[in-house]
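Everything on this sheet refers to the single structure shown next.
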Amino acid sequence: DADGKVLQGPATRDLTTYDVQFDPASGQGTVTVGAAAEPEPENPVPEPYRDLVSPFARDDADALAAGEALWGQCAGCHGANGEGTAFLDPPATVFATGTDSVPDDYYFWRLRTGGATGPAGSAMPAYGEDQLSDEQLWQVITYLRSLGQ
């Protein structure tokens, strides 16, 4: 949004803001950049999902094949190749442009909890353990990381 807040992933943190001073009398403004060390960004992923790491290597052939088979549940919104679709508002996340900057724990959390924890108006369904096991979620994540590679 206009204040740098994340409205839709795959971004996991808000944009950095800077101190701005404006003198209306002179029409001069000053932006202070780098005056102090920027604090470490807070991990937005809540417990118990924080710091989870996939048990599968990114090139694990079995995990990729299983994830691709499960991707059919995702393709209706995210596209067969992760290119997204145009019918949702907000639009579904596009994975075809790469996923390396998004940590494993974020993807696992969003898949497990769905739109309730995502951008306002997100139609992302939650995939509870009765629908997809932890192993299956990691397989989907392994596959979606292969999109755009």
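The values are calculated or read from the model by the stated rules, or taken from the named source; none is laboratory data. Just so it is clear, the model here is predicted, and its values are computed rather than measured. We place every Cβ from the backbone using ideal geometry, glycine too, and count neighbours over all the protein chains shown. The protein model used for the area step is the full one, side chains on, heavy atoms only, and it has no ligands, DNA or RNA in it. Shrake-Rupley method; radii C 1.70, N 1.55, O 1.52, S 1.80 Å.
Do you know which residues across region 12-36 are open to solvent by less than 60 Å² (accessible area, probe 1.4 Å) and in contact (Cβ under 8 Å) with a residue 12 or more places away in the chain? Lay out the reasoning, then the answer.
Quick first cut of region 12-36, residues open to solvent by less than 60 Å² (accessible area, probe 1.4 Å) only: 12, 16, 27, 29, 32.
Listed by number, the residues that qualify are 12, 16, 32.
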**Request:** Go through (1) surrounded by 13 or more Cβ atoms within 10 Å (Cβ to Cβ); (2) in contact with a Lys or Arg (Cβ under 9 Å, 6 or more places away or on another chain) one by one and return the number of the condition residue 42 breaks.
**Result:** (1)
**Request:** Would you mind stating whether residue 105 is in contact with an Asp or Glu (Cβ under 8 Å, 6 or more places away or on another chain) and at positive phi?
**Result:** no
**Request:** Please work out which one of (1) modelled with pLDDT of 90 or more; (2) open to solvent by less than 80 Å² (accessible area, probe 1.4 Å); (3) within 16 Å of the chain's Cα centre (by Cα) is the condition residue 64 fails and give its number.
**Result:** (3)
**Message:** Pairs needed: first member in region 92-103, without any contact (Cβ under 8 Å) to a residue 24 or more places away in the chain; second member anywhere, among the β-branched types (Val, Ile, Thr); C-beta distance under 9 Å; at least 6 residues apart or different chains.
**Reply:** none
**Asked** Considering only residues of region 1-11 that are open to solvent by 60 Å² or more (accessible area, probe 1.4 Å) and either of a type in the set (Val, Ile, Thr) or modelled with pLDDT of 80 or more (or both), which is nearest to residue 148 (Cα to Cα)?
**Response** 7
**Complete:** Among residues of region 72-85 being in a loop (DSSP other than H, G, I, E, B) and in contact (Cβ under 8 Å) with a residue 40 or more places away in the chain, the residue farthest from residue 44 (Cα to Cα) is 81
**Asked** Picking from 7, 64, 52, 88, which residue would you name as being in contact (Cβ under 8 Å) with a residue 12 or more places away in the chain and not in a loop (DSSP other than H, G, I, E, B)?
**Response** 64
**Prompt:** Mind checking which residues of region 108-149 are open to solvent by less than 30 Å² (accessible area, probe 1.4 Å), among the aliphatic types (A, V, I, L, M) and assigned to a helix (DSSP H, G or I)?
**Reply:** 111, 137, 140, 141, 144
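Out of 105, 100, report the one residue that is part of a loop (DSSP other than H, G, I, E, B), charged (D, E, K, R) and under 15 Å from the mean Cα position of the chain (by Cα).
100
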**Message:** Take the conditions loosely packed, with under 13 Cβ neighbours inside 10 Å and out of contact with any strand residue (DSSP E or B) (no Cβ under 9 Å at 6 or more places or on another chain) and apply them to residue 101. Does it pass?
**Reply:** yes
